[in-house]
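Every number here is computed from the coordinates shown, using simple stated rules; none is lab data. Bear in mind the structure is a predicted one, so any value in this text is a computation, not a measurement. Cβ placement follows ideal geometry from the backbone for every residue including glycine, while neighbour counts extend to all protein chains displayed.
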Amino acid sequence: MRKLGYGQYSTVWLARDSKYVALKILRADCYGGSYDIFEREILSKLSNISRKSNHEGRYYVLPLLD
């Protein structure tokens, strides 16, 4: 629908399918270069931990869709 923001290694877009989602598109050179950015792995780990947690803060961690 529109661009929400951008940074050095990614751009974030607002999209809508059956609900509103934010798509974070990483640049291709984030991996395999001299300075790998492990943001995808970090977000995946946070999403997995919050799904299994009983802590009330888990409701504030948005799930990683893909």
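Can you tell me the relative contact order of the chain? Whole percent, Cα pairs under 8 Å, sequence separation 6 or more.
The value is 17 percent.
With the chain treated as a Gaussian network of Cα nodes joined by springs under 10 Å, which of Ser18, Ser44, Ser53 yields the largest mean-square fluctuation?
Highest fluctuation among the options: Ser18.
Just to confirm a number: summing +1 for Lys and Arg and -1 for Asp and Glu over residues other than Ser50 whose beta-carbon lies under 14 angstrom from that of Ser50, what do you get?
+3
With θ taken as phi - 60° and the coefficients 6.51, -1.76 and 1.60, list the Karplus ³J(HN,Hα) couplings across the stretch 10-17 in order, rounded to whole Hz; mark glycine and proline as x.
Karplus-based 3J(HN,Hα) across the stretch 10-17 equals 7, 10, 10, 10, 8, 9, 9, 10 Hz.
Decide, for the chain, between rounded, prolate and oblate: order the square roots of the alpha carbon gyration tensor eigenvalues as a ≥ b ≥ c, take rounded if a/c falls under 1.5, and otherwise choose prolate if a/b is larger than b/c, else oblate.
It is oblate, given that a/c is not under 1.5 and a/b is not larger than b/c.
Between Leu64 and Lys19, with labels modelled 7 Å along Cα→Cβ, what's the label distance in nm to one decimal, could you check?
In this crude spin-label approximation the distance works out to 1.8 nm.
Would you work out the charge dipole size for the chain about its Cα centre, treating the Cβ of every Lys and Arg as +1 and the Cβ of every Asp and Glu as -1, and quote it to the nearest 20 debye?
It works out to roughly 280 debye.
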